[in-house]
Amino acid sequence: MIKKLVQVAILLLLSLSINAQDWKTDFNNAKQIAASENKPIILVFQGSDWCAPCIKLDHQIWSTATFKNYAKEYYIMLQADFPRKKKNALPEAQAKANGHLFETYNKNGIFPFVVVLDSTGKVLGETSYKKITPEKYIKELNAFIK
């Protein structure tokens, strides 16, 4: 019985990791991958532990199978998180890198804020949380790219 439970737990963990969003956190790395794969970068500014619309955007769009499957094929996902709780604090280097992205791309301090970039970092479009389906969100992001 325990052996079966362990097997089921392992299968669940594998399925979760296979279906997880592939978030990049290094801007230069994201640009390199975007250039080599000819994909746009979706830069997401979020407050993962305090911003209610950010959490909704994550649950209603980023974490859905529809979005994850599409993003894996067509986007480079870059996350700039700004948690407030001490237990969720980012390493100093990551916090500094996110701050630089914030100063460059989010001058109005909007959360959540989604910026569509080309592989050089040029802004193609901007959006935020919207209560729409993942399919409609994808369509909106793609409208900036074409």
task: Would you mind listing how long region 22-64 runs along its three principal axes, going by Cα atoms, in whole Å with the largest first?
output: 34, 19, 13
- request: Find the relative contact order for region 22-99 and round it to a whole percent, using C-alpha pairs within less than 8 Å whose residues are 6+ positions apart.
  value: 43
message: Restricting to bridges with both residues inside region 21-145, how much of the DSSP beta-bridge set is antiparallel, in percent to the nearest 5?
response: 55
task: Give me 86, 122 ranked fewest to most by other Cβ atoms within 10 Å of their Cβ, as a rough exposure proxy.
output: 86, 122
- prompt: Once fully extended, how much extra length lies between residue 140 and residue 73, figured as 0.36 nm per residue of separation less the alpha-carbon to alpha-carbon distance?
  reply: 22.5 nm
task: With runs of 4+ DSSP H residues as the only contributors, calculate the mean residue ellipticity of the chain at 222 nm using -39,500 (n - 2.57) per run, divided by the residue total and rounded to the nearest 500.
output: -15000 deg cm²/dmol
field: Matching label, percent of Cα pairs over 20 Å apart computed from the structure shown, candidates (1) 54; (2) 51; (3) 45
entry: (2)
task: Pairs of Cα atoms under 8 Å, at least six residues apart: use those to get the relative contact order of the chain, whole percent.
output: 30
query: With each pseudo-label sitting 7 Å past Cα toward Cβ, what's the residue 126-residue 32 distance in nm, one decimal?
result: 2.9
message: Amide H of residue 78 versus every other amide H placed in the peptide plane: which residues, excluding those fewer than 5 positions away on the same chain, fall under 5 Å?
response: 24, 42, 43, 44
- prompt: Given the C-alpha centroids of region 98-141 and region 24-48, what is the distance between them in whole angstrom?
  reply: 11
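Pairs 107/146; 39/85; 87/139: which exceed 28 Å Cα-Cα?
39/85; 87/139
Laboratory data are not the source of any read-out in this text; all were calculated from the coordinates shown. As the structure is a prediction and not an experimental result, all values here were calculated from the model. Neighbour counts run over all protein chains shown; Cβ positions are idealised from the backbone, glycine included.
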